[in-house]
There are 2 protein chains.
Amino acid sequence: MYRTAVNSTPDASVTEEGAKGVKTKWLINNDNGAPTFLMRHFTVDAGGFTPFHSHDWEHEVFVLEGSGRVRYEDREEKIAPGDAILIPPNEKHQFQAAPDKPLKFLCMVPK
Amino acid sequence: MYRTAVNSTPDASVTEEGAKGVKTKWLINNDNGAPTFLMRHFTVDAGGFTPFHSHDWEHEVFVLEGSGRVRYEDREEKIAPGDAILIPPNEKHQFQAAPDKPLKFLCMVPK
């Protein structure tokens, strides 16, 4: 059994090209023996965004705090706390925080 | 792409033996085309609990609201909003809400 509190682990800045004001931490990772999928927590500063990119694995996202948008290849959608979002493999996506407050969300990924 | 809001889908009571005051809804399920794992939301009424059971798949839990405990075979641990919990396969577990307020959490499971 593994247990951690969100506030007890340090955030690390995301330095990937195309990211602005993004921090992430692992809540459940390989070291904890997770068999199938992993849990991360993201904070995007007000006005910040994750890279607009795609990859061959899915995201399952749950919005915790703030507001913002998900940008896709062909559209954008508003997101708010309580929203659950599946980003399928190979779909281009970007999470954008609103200009006036940070966006916080969980992002689960397969191992 | 699939998107839903927590508050827009109906809760269903958990009728499994050993459950008291538990409702659940799927946020991301097989119908949404999730490739690897699925997302559920649970509400446990004040004083309620999930079944004390085990199974051969893991849980990854994130506590959203309320407070309570996780009971294991040999111990209990307090949980609070922001806690991330990995229940490994075959570990007996039960989620218990505090006597005075409901407990809300996400529970992700492999497909």
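The values are calculated or read from the model by the stated rules, or taken from the named source; none is laboratory data. Not measured: the values here are computed from a predicted model. Heads up, the Cβs are rebuilt from the backbone with ideal geometry, glycines too, and the neighbour counts pull from every protein chain shown. We work out accessible area using only protein heavy atoms, side chains counted, and drop any ligands, DNA or RNA first. Shrake-Rupley method; radii C 1.70, N 1.55, O 1.52, S 1.80 Å.
Dimensions of the protein assembly as shown along the principal axes, based on C-alpha atoms and rounded to the nearest Å, stand at 48, 34, 32, largest first.
Evaluated with a Cβ-only charge set (Lys, Arg +1; Asp, Glu -1), chain B carries a dipole of roughly 320 debye about its Cα centre, given to the nearest 20.
Using only alpha-carbon positions, what ratio does the radius of gyration of region B:60-111 give when scaled by 2.2 N^0.38 Å? Don't jump to the answer; show the numbers that get you there.
Details: Rg = 10.8 Å, N = 52, 2.2 N^0.38 = 9.9 Å.
For region B:60-111, the normalised Cα radius of gyration is 1.10.
When A:PHE52 is represented by a point 7 angstrom out along its Cα-to-C-beta vector, the spacings to that point in the other copies are 5.5 nm, nearest first. Label-point distances for A:PRO110 to the equivalent site in the other copies, using a point 7 angstrom along Cα→C-beta, read 1.2 nm when ranked shortest first. Annotation: amide H-H contacts under 5 Å for A:LYS92 (H modelled 1.01 Å from N, sequence separation of 5 or more, or interchain): A:GLU73. Counting only the Cα atoms, chain B fills a convex hull of 103 Å³ per residue. Legend: mean number of C-beta atoms from other chains within 10 angstrom of residue C-beta atoms, peptide A:86-94, equals 3.
Heavy-atom accessible surface of the protein assembly as shown, averaged per residue, reaches 46 Å², computed with a 1.4 Å probe. Name the long-range amide H neighbours of A:ILE79: under 5 Å, sequence gap of 5 or more, or other chain; modelled H, no Pro or chain starts. Excluding prolines and chain starts, which carry no amide H, the hits are A:GLY68, A:ARG69, A:VAL70.
In this simple spin-label model, placing a label point 7 Å from the Cα along the Cα-to-Cβ direction at both A:ASP45 and A:ASP74 gives a separation of 3.5 nm. The Rg/Rh ratio of region B:35-89, with Rg taken over Cα atoms and Rh as the Kirkwood radius over Cα pairs, comes to 0.94. Which lysines have a Cα lying under 21 Å from the Cα of B:LYS101, excluding residues fewer than 8 positions away in the same chain? Cross-link targets: B:LYS20, B:LYS23, B:LYS25, B:LYS78. Closest approach to the axis carrying B onto A, counted by Cβ on chain B and given in whole Å with its residue, is B:PHE37, 2.
Quick one: buried accessible area between B and A, total over both chains, 1.4 angstrom probe, nearest 100 Å²? Provide the component values of the computation, followed by the final result.
On the way: alone 6630 and 6650 Å², together 10200 Å².
Chains B and A together bury roughly 3100 Å² of accessible area.
Within the full protein context, the accessible area of A:ASP45 is estimated at about 60 Å² for a probe radius of 1.4 Å. Between identical copies, the spacing of B:ALA80 label points, each set 7 Å from Cα toward the C-beta atom, reads 2.9 nm from nearest to farthest.
Within 10 Å of the Cβ of each residue in B:98-106, the mean number of Cβ atoms contributed by other protein chains is 1.
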